[in-house]
Amino acid sequence: MCQDCGCSITRHDHSLSPSHSHARVDDNIATNPQLNDKKTLSVIHKILDKNDIEAQHNRQHFEDKSVTAFNLMSSPGSGKTTLLENLFQYTDLKYAVIEGDLETSRDADRLKAKGIEAFQIQTGAACHLDAFMVHSALHHINLESVDICFVENVGNLVCPASYDVGTHKNVVLLSVPEGDDKIEKYPVMFRRADVVLITKSDLMPHFDFSIEESKAQLKKLNPDIELIEVSIKDPKSMENVAIWFNKHLGGNA
């Protein structure tokens, strides 16, 4: 269990529209009797409700500045920062990045070295970003000069899916070396996704990874999901990613 938030014992379903709603399925915790009581559930729900209010505040702040926000989620090492380091070469859109990691400012430093505005959140022990962390970071980002704000969440295929941080779309990365079985093993994350980027696709010949199987698994979880194969070594695939972000400016479907 996540010791910081208890997010592994609740399902927090929502759409990312301004009028988003959520529903929780509490019978999932029945196998953990220590947590299967009304008082514990009440505390968890209050935490998530407060987070939702702050998330809506963040979303409104983005919209007031005519900025579209994307939440990037994945396991560690899937290529989130690398994607952002290279994306500027394929789009005229200006973007800033809020980085989340337990320690160090390495990812933000990498982006700054490319001339990309970035602010690092060091969560300490927390396994995800929440709306309050993102709100604090917004005071350090100049939204007046960008079209997009990326929130690069903590590398984790579980906890980040439970917290709305105030973005408009969820982008989930899955790298070829991780294997296509991760979709079924971590379904909550992929249910939340608006698009799944299959990264490091140039390694496909060297791994037992099936794009067709990935598509089939995703369709079961999320019929409206989009899937894009991408490699930073393949300019066309990077152009496809840039096109997707441009298409969804303003939170458009």
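The values are calculated or read from the model by the stated rules, or taken from the named source; none is laboratory data. Only a predicted model underlies this, so the values are computations on that prediction, with no experimental measurement involved. Cβ coordinates were reconstructed from backbone atoms using ideal geometry, including for glycine residues, and neighbour counts include every protein chain displayed. To get the accessible areas, we keep the full protein, side chains included, count just its heavy atoms, and leave off ligands, DNA and RNA. Shrake-Rupley method; radii C 1.70, N 1.55, O 1.52, S 1.80 Å.
Numbers for the structure displayed
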| quantity | calculated |
| --- | --- |
| Single unsatisfied condition, Cys7 versus (1) modelled with pLDDT of 70 or more; (2) within 16 Å of Gly155 (Cα to Cα); (3) of a type outside the set (Gly, Ala, Ser) | (1) |
| Number of positions in segment 54-96 that are among the acidic types (Asp, Glu) and surrounded by 22 or more Cβ atoms within 10 Å (Cβ to Cβ) | 0 |
| Flag for Gly124 being closer than 24 Å to Ser75 by Cα, touching a residue at least 24 places away in the same chain (Cβ under 8 Å) and small (Gly, Ala, Ser) | no |
| Count of segment 107-123 residues which are surrounded by fewer than 17 Cβ atoms within 10 Å (Cβ to Cβ) and among the hydrophobic types (A, V, I, L, M, F, W, C) | 1 |
| Residue in segment 124-134 that is surrounded by fewer than 24 Cβ atoms within 10 Å (Cβ to Cβ), under 12 Å from the mean Cα position of the chain (by Cα) and more than 24 Å from Ala242 (Cβ to Cβ) present | yes |
| Strands (runs of 3 or more DSSP E) contained entirely in segment 164-253, each with at least 3 residues that are modelled with pLDDT of 95 or more and surrounded by fewer than 21 Cβ atoms within 10 Å (Cβ to Cβ) | 226-229 |
| Test for Ile225: is it within 20 Å of Tyr95 (Cα to Cα) and of a type in the set (A, V, I, L, M, F, W, C) | no |
| Per-region count, segment 157-203, residues of a type in the set (S, T, N, Q) and over 18 Å from Leu84 (Cα atoms) | 1 |
| Selection from segment 143-160 of residues that are open to solvent by 10 Å² or more (accessible area, probe 1.4 Å) and polar (S, T, N, Q) | Ser145, Asn156 |
